Every structure is written in structure tokens, then in C-alpha cells.
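Trainee: Let me give you the structure first, and then I'll get to my questions.
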């Protein structure tokens, strides 16, 4: 597996945010997953960020980590593991992924890559001089019968020749990629045989014709009737041998003594955890100063009744267990040492 790292800081944007339509889509997508499992939306959100900006930026990774309340390293792990995510800028109009696995290589993938080297750039991931095109070699894309093939964004272009590939590159470079129909670039339907169908070429048989052809000859009908009568006779013979057993009346079981109700004292409910406030006492503290707490997590803490460093500083082990459950982040409070940070910030605030 190749090492994949984020692009240099010099090309990284300073910030990222989804546009209005993508932000609404992201909120709906997160709700597709059960409460406490919102992190499952990380791949769809990273892909939508890539579709918006053309590649996955460091700022996008940080933004998505905050949206999903995930540690930054977890989102970074996903983005660097899957090669579908581009971690550096690519061509603005098209980034061509050429399949280089055995079936495509045997069918001319090398020639397809030569077109990319000639028309775009000599090396993979290098952007063309006009900034519009780039290319790379990838592993199998699942259309071996249509080899050789490429992918541009979400569309595949199959059954390619050198001439067809040159035409595709030219159209996308000119901003007219929508003129190319995705799929096979020869006269075939999806993955059907190149020369047309070789089987199942007859006309469909009508229902009435099928029923008439299913009629049995008279001799066959006689055999079927005799076999059915023989089976019926055997069933009757077996039934006649069965004897009917007299019904057995069961004696009524003696009535069980009614158990006396035992009154037990109610156990007082356990403490609800640490001290909570319906509203801040004076001005609320900026809980985001605690390492590991972002804007979304701060809001959650406020909703739970925690507004001040002094509140967090008083937490005991039992309190931490309660808040851990409420935040669905087992061990995060202790791992980032919120209590120690809160004590220091509370002293500083005085």
C-alpha cells in the first residue's frame, strides 16, 4: 500500500464549509444513521466535499471531524486509506483514472495511458499547463469485459481505442465532456457480446402457445390417473388401520395458595450525576478552551447543564461515568483530562 499524505500547506485553503445545498444534504445524510453512530457518515461527507472542491483538503477533513464529533485523526485515517479520495489538487475539468489491471492491460491500457501522457502530462497526478486536466493509473474498476476503460468523476468510459481516448480527452479539456456518452464506446449494450446476441435471439413465446404445448397425450393422462388412484388407495388403507383412542380426562390440579403480597421499601433513585444549571450563573465560560471540545460539543454540554469551568472541575469519577454515557464518548473526558484543564481555567478566570 502506498503512503498517502495531505498536500503541502502552500496549496491548502485556510477554511472549508459546505455550500447551502451540500450543507442541507449533509444534515440529512447524518440523520440516516442511528444516534451515537453519526461517524458512519464520514465517507459520504468526504466524497461530497471532494465533489464540491475537486479534492479533499485539510480544512474539509477538520470541518467534517467537527460536524461528526470525531477525533481529527479518525477522519484523517479514512481520507488517507481510500484511494478514491484525492488529497491534492487535480484537473478542474477532469481527473482521468485509467484502469491498469491485467484484463485492461491485455486489451491496450498502456496505449490509453500514452494518450494521457501525451495530451495531459508525462506523469500521473501532474496537472496540465492550463490546470484543467490530470490523470492517474488505478486498480480494477469492475468492467473487465469492457476493457480497456477509464473513469472520470462517477462515470466510466469503456471499450476504448486510441482514437476514442484522444477524442474524450479533447472534449473534456474544451469543457464539453457532456458531449461524450458514458459506457461502451462501441456498438454494444453494456456488457453484451460485441457482435450482438448469440443466444436467446428468438421471439418470445406467447402465454397461450406455452399452455397449448404443455398438453399431455391421452396415454400419458391415463398413466397419471392410475398413479393418483393408487396413491389415494394407500392413504385410505393406512387411515382405516388407525384406532381411535378414548379421550383421557385429566384430574384438576389442586388450587395453589395465593401468595401474600410482600411490601418492599422503594430504593431511592441514584444521583443524577454532577451539578447542573438550567442557565449560566452570570456569563457562561468558553468551554471550547478545553482541548477536545469544539463548538458542537460545547453546545451539547450547555444543553446538559454545564456552563462553567468550575462545574467540570468538581466532577468525580462517578460524575465522569454519567457524562460519558450522555456524550457517547467513552473515556474521552479522562483521555483529554478535562477536569485538570477545567481546574486550571477556573483559577485563571478568577
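The values are calculated or read from the model by the stated rules, or taken from the named source; none is laboratory data. Keep in mind that what you see is a predicted model, and the values were worked out from it rather than measured. No Cβ is skipped: glycine too gets one built from the backbone with ideal geometry, and neighbour counts run over all protein chains shown.
Trainee: Looking at the structure I just gave you, is residue 338 at pLDDT 85 or above and within 18 Å of residue 295 (Cβ to Cβ)?
Mentor: So residue 338 fits the description; yes.
Trainee: Suppose we keep only residues that are touching a strand residue (DSSP E or B) at 6+ places or on another chain (Cβ under 6 Å) and farther than 19 Å from residue 85 by Cβ within segment 112-132. Which one would you say is surrounded by the most Cβ atoms within 10 Å (Cβ to Cβ)?
Mentor: 112
Trainee: Confirm whether residue 154 is closer than 23 Å to residue 49 by Cβ, surrounded by fewer than 12 Cβ atoms within 10 Å (Cβ to Cβ) and either outside the structural domain of residue 110 (by TED's automatic domain parsing) or free of Cβ contacts under 8 Å to residues at least 24 places away in the same chain (or both).
Mentor: Yes; evaluated as a whole, the condition is true for this residue.
Each row is one residue, and each column tells you yes or no for (1) surrounded by 18 or more Cβ atoms within 10 Å (Cβ to Cβ); (2) at pLDDT below 90; (3) in contact with a helix residue (DSSP H, G or I) (Cβ under 9 Å, 6 or more places away or on another chain); (4) outside any loop (DSSP other than H, G, I, E, B).
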{"residue": "269", "(1), (2), (3), (4)": "no, yes, no, no"}
{"residue": "272", "(1), (2), (3), (4)": "no, yes, yes, no"}
{"residue": "278", "(1), (2), (3), (4)": "no, yes, no, no"}
{"residue": "282", "(1), (2), (3), (4)": "no, yes, no, no"}
{"residue": "291", "(1), (2), (3), (4)": "no, yes, yes, no"}
{"residue": "321", "(1), (2), (3), (4)": "no, yes, no, yes"}
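Trainee: Let me ask something else. Among the residues of segment 164-182, what is the count of those that are closer than 20 Å to residue 131 by Cβ, assigned to a loop (DSSP other than H, G, I, E, B) and in contact with a helix residue (DSSP H, G or I) (Cβ under 9 Å, 6 or more places away or on another chain)?
Mentor: 1
Trainee: Among the residues in segment 133-140, are any in contact with a strand residue (DSSP E or B) (Cβ under 9 Å, 6 or more places away or on another chain), crowded, with 18+ Cβ neighbours inside 10 Å and not in a strand (DSSP E or B)?
Mentor: Looking for residues that are in contact with a strand residue (DSSP E or B) (Cβ under 9 Å, 6 or more places away or on another chain), crowded, with 18+ Cβ neighbours inside 10 Å and not in a strand (DSSP E or B), one finds none in segment 133-140, hence no.
Trainee: Scan segment 294-308 and give yes if some residue there is surrounded by 11 or more Cβ atoms within 10 Å (Cβ to Cβ), at pLDDT 90 or above and at positive phi, otherwise no.
Mentor: yes
Trainee: Does residue 43 meet the test of being in a helix (DSSP H, G or I), modelled with pLDDT of 95 or more and under 30 Å from residue 129 (Cα atoms)?
Mentor: Answer is no for this residue.
Trainee: Now for a different question. Could you tell me which of the residues 3, 75 is buried (at least 18 other Cβ atoms within 10 Å of the Cβ) and free of Cβ contacts under 8 Å to residues at least 60 places away in the same chain?
Mentor: 75
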